[in-house]
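Values in this text are rule-based calculations from the coordinates and carry no lab data. Just so it is clear, the structure is predicted and the values come from calculations on it, not from any experiment. Note that we place each Cβ from the backbone using ideal geometry, even for glycine, and neighbour counts take in every protein chain shown.
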Amino acid sequence: MRAGWVSDDGALVGDTVAHELVDRSVGTVVDTIVGAVRAVAGGRPFEAVGVGVPGFVVAQTVVASPNFPEWDHVPLGASLSEALGAPVTIENDANAATWGAWVAAGRWGDLVMLTLGTGVGGGVVSEGRLLRGRRGSAAELGHIPVGGDRPCLCGGVGCLEVWCSTVGLVAEARRRGIVVADGRGLIDRVEAGDAVARAVVAEAGEALGRGLVAVANVFAPDRIVLAGGLAAARPFLEPHALPALRTRAVVSSRGAELVWFPRAEPFAVPGAAMVAASRAGS
């Protein structure tokens, strides 16, 4: 878990600081966040705290999270507000990163972000607003069906996440007889010229292209941001994904700018803080 101090204009002041979660129980997570906030603040007063979590967030409650499978309707916002004595806003981590990327881009245009990491997260800023939906859990772009019969942990089949996450890629590589520990290991095999590894990643690139066409057609963004660990595979993903966006999306959306970043964290921490600040001031 990372924490940082963010100024009123959305700038990160100093570096983010990593804090290890020794386990994933609710009590440990709450205690770790409280300790991290107090350490970052260093005695300074703060107006609000934003927390990005990898899961489905509704009304400041973590309804469920694939990363925290035992969590079920955890009122994380209320627990943290009580412990810190300050307003706390809980936001989906990809939503937080999306808002941070939009702020960093000068609050211009409509933006879609896909976070390509352990899973695939998504977020949308349209007409200056972060799209959440009435229930607060909209823009789960990692669960757009893009084809195939691979089952997803969400209960769906053929989700973008099973094609373009490190977990999905590693699982498919192992199914084809490639023994790799993680996404970096698979990319190393691709860079070394392994034909099977290259086929796995090429198919992921084609699936990513189908996903890009879907988000372009639905949201008509000015910019699509791809961020996360799989950005390292850009040279092998983009040649398959970008042509689909440029030729198969509706004409008015084919020109969306495609931007890659190696990590989402530089956007996620400021984004979570700025979402919290906007709610505290409303």
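Here are some notes:
- Taking a ≥ b ≥ c as the square roots of the Cα gyration tensor eigenvalues, the stretch 99-157 comes out prolate, since a/c reaches at least 1.5 and a/b is larger than b/c.
- Ordering of 92-101, 20-29, 71-80 by packing [mean C-beta count within 10 Å, highest first]: 92-101, 71-80, 20-29
- Placing unit charges on the Cβ atoms only, positive for Lys and Arg and negative for Asp and Glu, gives the stretch 97-263 a dipole magnitude near 260 debye about its Cα centre.
- Computed from point charges on the beta carbon alone (+1 for Lys and Arg, -1 for Asp and Glu), the dipole magnitude for the chain about its Cα centre is near 540 Debye.
- Between the Cα long axis of helix 166-175 and the first principal axis of the chain there is an angle of about 40°, rounded to the nearest 10.
- Using alpha-carbon coordinates, inclination of helix 265-281 to the longest axis of the chain, degrees: 40 degrees
- The chain: angle of helix 195-219 to the longest principal axis, Cα-based, in degrees nearest 10: 60 degrees
- Each helix, a run of at least 4 DSSP H residues, gives -39500 (n - 2.57); summed and divided by the residues of the chain, these come to -13500 deg cm²/dmol at 222 nm.
- Fraction of alpha-carbon pairs over 24 Å apart in the stretch 97-263 - percent: 32 percent
- Shape of the stretch 10-107, Cα gyration tensor, a/c cut at 1.5: oblate
- Taking the convex hull of Cα positions in the chain, its mean projected area over all directions (nm²): 14.7 nm²
- Packing, as the average of other Cβ atoms within 10 Å across residues, places the peptides 268-275, 63-70 in the order 268-275, 63-70, highest first.
- Listed residues 108, 190, 235: farthest to the positive end of the dipole of the stretch 97-263 (Cβ charges): 108
- Rounded Å value of the spacing that divides the Cα centres of the stretch 93-155 and the stretch 163-185: 23 Å
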